[in-house]
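Notes follow the structure.
The values are calculated or read from the model by the stated rules, or taken from the named source; none is laboratory data. Remember, it's a predicted structure, so these values are computed and weren't measured experimentally. With ideal geometry, Cβ positions are generated from the backbone for all residues, glycine too; neighbour counts draw on all protein chains shown. What goes into the accessible areas is simple: the full protein's heavy atoms, side chains included, and nothing from ligands, DNA or RNA. Shrake-Rupley method; radii C 1.70, N 1.55, O 1.52, S 1.80 Å.
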Amino acid sequence: MKIMISGAEGFIGTALTKNLKDHKVYRLKHSRSFSQNKNQFNLDLTNPGHVDKLIKKTKDLKIEALFHLAAITPYSGQKEHINFSDDLKMAELVKKICDYLNIKRFIFPSGWIVYSPKANIPISENSLLKPNTDYGKSKLKLENFFKKNLKGLQVIILRISSVYGPGQESSGLIPTLVKAALNRHEMKITSAVRRDYLYVEDLTMILRSLIHLKIRNNLILNIGSGKSTEVIKVA
């Protein structure tokens, strides 16, 4: 099967690429300039010119599925206020890719952060959607955009819990705790919340299974381990 992955150089994208090594995978990696190295395309997904070049080079490949993992996150490196508007710019151009390449299945990992912090536990796919952070609001806007604008293909939206595992280099909780323990021999806990943690290899097996999953309509799924753990216990 021919599969395209945006954000392929990221934590989840790298793990997913390894899991799909028996498929033909076309990797989209962020870059300020457009270039191609075999099955890897270096480009800026907010740049219409880059996307037009990508479409021209891949229009005859008959790509069947696209995993859209590229995103602006709270860990994207900005020290000032993070502007998530580029996510919507990407979404509009990713739609153009789907339209021109006639992609049949679109898979978008969102997050549990789209739910209200006051939602009853356990959270279901029908729980109240009322994010209280800019990041969560951005994810919900993207979900609504894809549901509304991607016509004629199967859209699968995954609301995933906190992912961790080898290769994670962001400022997420677990990498931060490990780095602090190694460098300072101490870990500082600033929150008493509970979180559901999902091992990255488990997530990639789930993502892989969605390629051939038989569905009639668009699908929204919560994905997690099924249990939550206090941050202090994680530490």
Next item on the list: Six or more apart or on different chains, Cβ under 6 Å: which pairs go from a residue in the stretch 113-125 that's without any contact (Cβ under 8 Å) to a residue 24 or more places away in the chain to one that's open to solvent by 50 Å² or more (accessible area, probe 1.4 Å) and assigned to a loop (DSSP other than H, G, I, E, B)? Could you list them?
Entry: SER116/LEU128; SER116/LYS130; PRO117/ASN132; ALA119/LEU128
Item checked: Test result for THR176, of a type in the set (S, T, N, Q) and either open to solvent by less than 50 Å² (accessible area, probe 1.4 Å) or touching a Phe, Trp or Tyr at 6+ places or on another chain (Cβ under 9 Å) (or both) -> no
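Go through the stretch 126-148 and count every residue that is in a helix (DSSP H, G or I) and either open to solvent by 50 Å² or more (accessible area, probe 1.4 Å) or farther than 19 Å from ARG216 by Cα (or both). Working first, answer last.
Within the stretch 126-148, the subset in a helix (DSSP H, G or I) is 134-148.
Filter again for either open to solvent by 50 Å² or more (accessible area, probe 1.4 Å) or farther than 19 Å from ARG216 by Cα (or both), leaving 134-142, 144-145, 147-148.
Matching residues across the stretch 126-148 total 13.
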Margin query: Need the failing condition index for ALA70 against (1) touching a Phe, Trp or Tyr at 6+ places or on another chain (Cβ under 6 Å); (2) assigned to a loop (DSSP other than H, G, I, E, B), just the number.
Written below: (1)
Check: If we scan the stretch 15-31, do we find a residue that is touching a Ser or Thr at 6+ places or on another chain (Cβ under 7 Å), in a strand (DSSP E or B), open to solvent by less than 50 Å² (accessible area, probe 1.4 Å) and within 26 Å of GLY172 (Cβ to Cβ)?
Finding: yes
Check: From the residues in the stretch 98-125 that are among the aromatic types (Phe, Trp, Tyr) and part of a helix (DSSP H, G or I), which one is farthest from the chain's Cα centre (by Cα)?
Finding: TYR100
Check: List, please: which pairs have Cβ atoms under 7 Å, are six or more places apart or on different chains, and start with a residue in the stretch 93-111 that is open to solvent by less than 20 Å² (accessible area, probe 1.4 Å) and end with one that is of a type in the set (Lys, Arg) and outside any strand (DSSP E or B)?
Finding: LEU101/LYS59; SER110/LYS139; GLY111/LYS139
Checklist line | Residue among LEU61, LEU66, LEU20 that is within 14 Å of the chain's Cα centre (by Cα) and modelled with pLDDT of 95 or more | finding: LEU66
